[in-house]
């Protein structure tokens with residue numbers, strides 16, 4: 001258990017490091033590095049829960065695509081012509097949004113992974129019953 005906590009914290013730090021060069025840090029350095037660290041931590045925990053890197057990578061890609069194509073802001077690292085452009089970054093709102101979206105994401109992931117494991121367990125038990133009957 002301790003190794004997984006250390007792994008998640010290290011992953012959060014590693015995720016944070018390349019984001020230290022993003023131009024949006026002018027909007028609030030300490031809040032944004034906290035935000036990037038928490039996102040990296042979330043992705044690490046998602047990877048540990050799902051036992052798959054694809055879910056975290058998909059969430060990161062979806063987040064970046066949403067920012068690049070739908071809602072972006074001035075001085076963003078993703079310089080694209082998005083549908084909506086905000087004047088500045090609202091860090092406290094984004095932190096609150098992240099916490100709410102993170103809980104929803106965890107709930108859906110936990111529910112999906114739990115159902116998938118239950119289906120696999122039921123299938124394995126039924127397969128075992130069939131094998132036992134045929135003997």
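The values are calculated or read from the model by the stated rules, or taken from the named source; none is laboratory data. From a predicted model like this one, the values you see are computed outputs, not experimental measurements. Heads up, the Cβs are rebuilt from the backbone with ideal geometry, glycines too, and the neighbour counts pull from every protein chain shown.
Working only within region 52-62, note down all residues that are part of a helix (DSSP H, G or I), out of contact with any helix residue (DSSP H, G or I) (no Cβ under 7 Å at 6 or more places or on another chain) and surrounded by 13 or more Cβ atoms within 10 Å (Cβ to Cβ).
57
Scan region 28-38 and give yes if some residue there is under 16 Å from the mean Cα position of the chain (by Cα), at pLDDT below 85 and not in a helix (DSSP H, G or I), otherwise no.
No, the conditions are met nowhere in region 28-38.
Looking only at region 70-93, count every residue that is assigned to a helix (DSSP H, G or I) and surrounded by 14 or more Cβ atoms within 10 Å (Cβ to Cβ) and tell me the total.
1
Does at least one position in region 14-23 carry a residue that is at pLDDT 90 or above, part of a helix (DSSP H, G or I), surrounded by fewer than 14 Cβ atoms within 10 Å (Cβ to Cβ) and touching a helix residue (DSSP H, G or I) at 6+ places or on another chain (Cβ under 8 Å)?
Taking every residue of region 14-23 in turn, at least one turns out to be at pLDDT 90 or above, part of a helix (DSSP H, G or I), surrounded by fewer than 14 Cβ atoms within 10 Å (Cβ to Cβ) and touching a helix residue (DSSP H, G or I) at 6+ places or on another chain (Cβ under 8 Å).
Would you be able to say whether some residue in region 95-104 is at pLDDT 75 or above and not in a helix (DSSP H, G or I)?
no
Going by the conditions given, is residue 49 over 22 Å from residue 91 (Cβ atoms) and surrounded by 14 or more Cβ atoms within 10 Å (Cβ to Cβ)?
So residue 49 passes the test.
Test of understanding: among 29, 15, 93, 35, which residue is in contact (Cβ under 8 Å) with a residue 60 or more places away in the chain and at negative phi?
The unique qualifying residue is 35.
May I ask you to verify whether residue 3 is within 18 Å of the chain's Cα centre (by Cα) and surrounded by fewer than 11 Cβ atoms within 10 Å (Cβ to Cβ)?
no
So, residue 119, is that one modelled with pLDDT under 80 and either out of contact with any helix residue (DSSP H, G or I) (no Cβ under 6 Å at 6 or more places or on another chain) or surrounded by fewer than 12 Cβ atoms within 10 Å (Cβ to Cβ) (or both) or not?
yes
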